[in-house]
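One structure is given below, encoded as structure tokens.
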Amino acid sequence: MISNNQTLFEKSQQLIPGGVNSPVRAFRSVGGTPVFFKKGLGSRLWDVDGKEYIDYINSWGPMIVGHAHPDVIAAVQAAAANSLSFGAPTGLELEIAELIYKLVPSMEQVRLVSSGTEATMSAIRVARGFTGRDKIVKFEGCYHGHSDGLLVKAGSGLLTFGEPDSGGVPASIAAHTLTLEYNNIQQLHDLFKQSGDEIACVIIEPVVGNMNLIVPHMEFLQTLRELCTKHGTVLIFDEVMTGFRVALGGAQALYNIKPDMTTLGKVIGGGLPVGAFGGRKDIMQCLAPVGKVYQAGTLSGNPVAVTAGLKTLELIQAPDFHAKLTAQTAKLIDGLKAAAFDAGVIFNAQSVGGMFGLYFCEKCPTTYHEMMQSNKQHFNQFFHSMLDQGIYLGPSAFEAGFVSAAHSDEDIALTLVAAEKAFRAIVG
Ligand code: HOZ
């Protein structure tokens, strides 16, 4: 029987490259037909064929309070009635800047943009303007959006398709990007010894969510902080994914490391397009119109999007919000590990706050190379069995998963019943 999903996908491919507006969504890595959604509520989604799913993507992180939360929807509706955009300042922007500073105190000044890609791209420009240096450092398998200089040995969709470097990026631009192995302290020392004083900034996902989930070693983050300080290099924490999700104050609060700059996205917009970058005031003062580093955007600080973000940030400040989210995510992970063990499947999993990683290998990976050891074929079998049973996971072995505050005990229990069946199918 031809489904609406299939029909829409076939038609979309005629007009939209690959039928999707962001590559991972095309299911190329796992095979099959992408799901076209029409409705979400709380932890659940419904596709165009009317099938219901428990959602563990949550729009790749933003839907931390669940889909269509009534308070968020009401706030957005009220804001929309006052115009969708002004292209001029509003009090809402000051309100969110104050709130960001309160929750993430390293962000002494902040500028709002419309996506995580814009946030990281702009943060790097400011860091270069501030230091007068060109070289930047990133880590293999980390993904910081799709600006040219950051598509070097990158994660997310590039890993999904097995090509960590993108076409269309001039070699002369990529040449300014140096790439090190995540969690490798020796490589940090070696690079900074050799060219520390030429490095404008180091950008890092303090918990990686774009080559599946990778947790940092404390000593690695501490060494990075020390070396950046010693060499006058701007340390940028890309907290687009981890911000407000692994803890209220993000990964920098969780690990007690203060970056010079931070980039935000996802949760900060509550599902509408918002990004932000900010940090030390002396660095941020390099931005136009105060300083010489140019950056701009017609929809930056959009009142409706900022309202969704403000309401979401208000909701996640409820007492124990993150403790409950963390516990619920851990319950899912513990249950999955037990189910895999019972079925005799080589599997591991871990979570940080409301983010989790699933690995079809013995140990939780700590680097890109270890992550590549995960059995992709087993992941794909698991993914499709879960999807058939109405559990929606990221369609790639290299993406992290996300739990929301709307995920109930019943959701977790249903997920684990499905997982038992999915693991058993793997061993046949
Ligand atoms: N880059 C996102 C996952 N890490 C995927 C974005 C999307 O397809 O919406």
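The values are calculated or read from the model by the stated rules, or taken from the named source; none is laboratory data. Keep in mind that this is a model prediction, so the values were computed, not measured. Reconstructed Cβ throughout: ideal geometry from the backbone, glycine too, with neighbour counts over all protein chains shown.
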Original post:
For segment 115-134, what are the residues that are within 15 Å of the ligand (Cβ to nearest atom), polar (S, T, N, Q) and not in a loop (DSSP other than H, G, I, E, B)?
Top reply: THR117, THR120
**OP:** Taking the residues in segment 13-38 that are in contact (Cβ under 8 Å) with a residue 24 or more places away in the chain and over 16 Å from TRP60 (Cα atoms) as candidates, determine which candidate is surrounded by the fewest Cβ atoms within 10 Å (Cβ to Cβ).
**Re:** GLY31
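Restricting attention to segment 341-361, report how many residues are assigned to a helix (DSSP H, G or I) and closer than 26 Å to LEU248 by Cα. Show your work before the answer.
Taking segment 341-361 and keeping what is assigned to a helix (DSSP H, G or I), we get 341-343.
Filter once more, keeping what is closer than 26 Å to LEU248 by Cα: none.
The number of residues fulfilling the criteria is 0.
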Subject >> Qualifying strands (runs of 3 or more DSSP E) (wholly inside segment 135-254; at least 1 residues being at pLDDT 95 or above, more than 16 Å from the ligand (Cβ to nearest atom) and under 30 Å from ALA405 (Cβ atoms)) >> reply: 234-238
Subject >> Unique residue being among the charged types (D, E, K, R) and crowded, with 21+ Cβ neighbours inside 10 Å when the list is GLU219, GLU205, GLU198, GLU226 >> reply: GLU205
**OP:** Test each condition in (1) outside any helix (DSSP H, G or I); (2) away from the ligand (no atom under 16 Å from the Cβ) for THR7 and report the one that comes out false.
**Re:** (1)
**OP:** Considering only residues that are outside any loop (DSSP other than H, G, I, E, B) and free of Cβ contacts under 8 Å to residues at least 60 places away in the same chain, look in segment 49-73 and name the one that is nearest to the ligand (Cβ to nearest atom).
**Re:** ILE73
**OP:** Test each condition in (1) over 19 Å from the mean Cα position of the chain (by Cα); (2) surrounded by 19 or more Cβ atoms within 10 Å (Cβ to Cβ) for TYR101 and report the one that comes out false.
**Re:** (2)
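Is segment 330-340 home to any residue that is hydrophobic (A, V, I, L, M, F, W, C), over 19 Å from GLU239 (Cα atoms), assigned to a helix (DSSP H, G or I) and touching an Asp or Glu at 6+ places or on another chain (Cβ under 7 Å)?
Step one: of segment 330-340, the residues hydrophobic (A, V, I, L, M, F, W, C) are 330, 332-333, 336, 338-340.
Subsequent filtering for residues that are over 19 Å from GLU239 (Cα atoms) retains 330, 332-333, 336, 338-340.
Okay, now just the ones that are also assigned to a helix (DSSP H, G or I), so 330, 332-333, 336, 338-340.
The next check asks that each one be touching an Asp or Glu at 6+ places or on another chain (Cβ under 7 Å); those that pass are 339.
Yes; the residues of segment 330-340 include at least one that is hydrophobic (A, V, I, L, M, F, W, C), over 19 Å from GLU239 (Cα atoms), assigned to a helix (DSSP H, G or I) and touching an Asp or Glu at 6+ places or on another chain (Cβ under 7 Å).
Go through ALA339, ALA405, ALA400, ALA349 for me and flag whichever is touching a Phe, Trp or Tyr at 6+ places or on another chain (Cβ under 8 Å), within 16 Å of the ligand (Cβ to nearest atom) and within 20 Å of ALA327 (Cα to Cα). Please lay out each step first, then the result.
Values: ALA339 fails: within 16 Å of the ligand (Cβ to nearest atom); ALA405 fails: within 16 Å of the ligand (Cβ to nearest atom); ALA349 fails: within 16 Å of the ligand (Cβ to nearest atom).
Exactly one residue qualifies, and that residue is ALA400.
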Subject >> Pairs with Cβ under 6 Å, 6+ apart, first in segment 332-350 and on the phi < 0 side of the Ramachandran plot and at pLDDT 95 or above, second assigned to a helix (DSSP H, G or I) and of a type in the set (Gly, Ala, Ser) >> reply: LEU336/ALA419; ALA339/ALA419; PHE347/ALA340
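For (1) touching a Lys or Arg at 6+ places or on another chain (Cβ under 7 Å); (2) at negative phi, each residue gets a yes or a no:
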position	(1), (2)
GLN252	yes, yes
ASN256	no, no
THR263	no, yes
GLY270	yes, no
PRO273	no, yes
GLY279	no, no
LEU287	yes, yes
LYS292	no, yes
SER300	no, yes
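Quick check on ALA419: is it outside any strand (DSSP E or B) and crowded, with 22+ Cβ neighbours inside 10 Å? Please lay out each step first, then the result.
Working: outside any strand (DSSP E or B): yes; crowded, with 22+ Cβ neighbours inside 10 Å: yes.
Yes: the conditions hold for ALA419.
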Original post:
Quick one: which of PHE356, PHE360 is closer than 30 Å to LEU112 by Cα, crowded, with 21+ Cβ neighbours inside 10 Å, in contact (Cβ under 8 Å) with a residue 24 or more places away in the chain and not basic (Lys, Arg)?
Top reply: PHE356
Original post:
If you scan segment 10-36, which residues turn out to be away from the ligand (no atom under 12 Å from the Cβ) and over 18 Å from ASN380 (Cβ atoms)?
Top reply: GLU10, LYS11, SER12, GLN13, GLN14, LEU15, ILE16, PRO17, GLY19, PHE36
**OP:** Give segment 290-303 a look and list any residue that's touching a residue at least 40 places away in the same chain (Cβ under 8 Å) and either touching a Leu at 6+ places or on another chain (Cβ under 6 Å) or under 15 Å from GLY275 (Cβ atoms) (or both), or say none.
**Re:** VAL293, GLN295, GLY297, THR298, LEU299, SER300, GLY301, ASN302, PRO303
**OP:** Return yes or no: is ILE236 crowded, with 24+ Cβ neighbours inside 10 Å, farther than 28 Å from LEU310 by Cα and among the β-branched types (Val, Ile, Thr)?
**Re:** no
**OP:** Please name all residue pairs, on different chains or six or more residues apart, with Cβ atoms under 7 Å, provided the first residue is in segment 173-202 and is in contact (Cβ under 8 Å) with a residue 24 or more places away in the chain and the second residue is in a helix (DSSP H, G or I) and loosely packed, with under 13 Cβ neighbours inside 10 Å.
**Re:** ILE185/GLU219
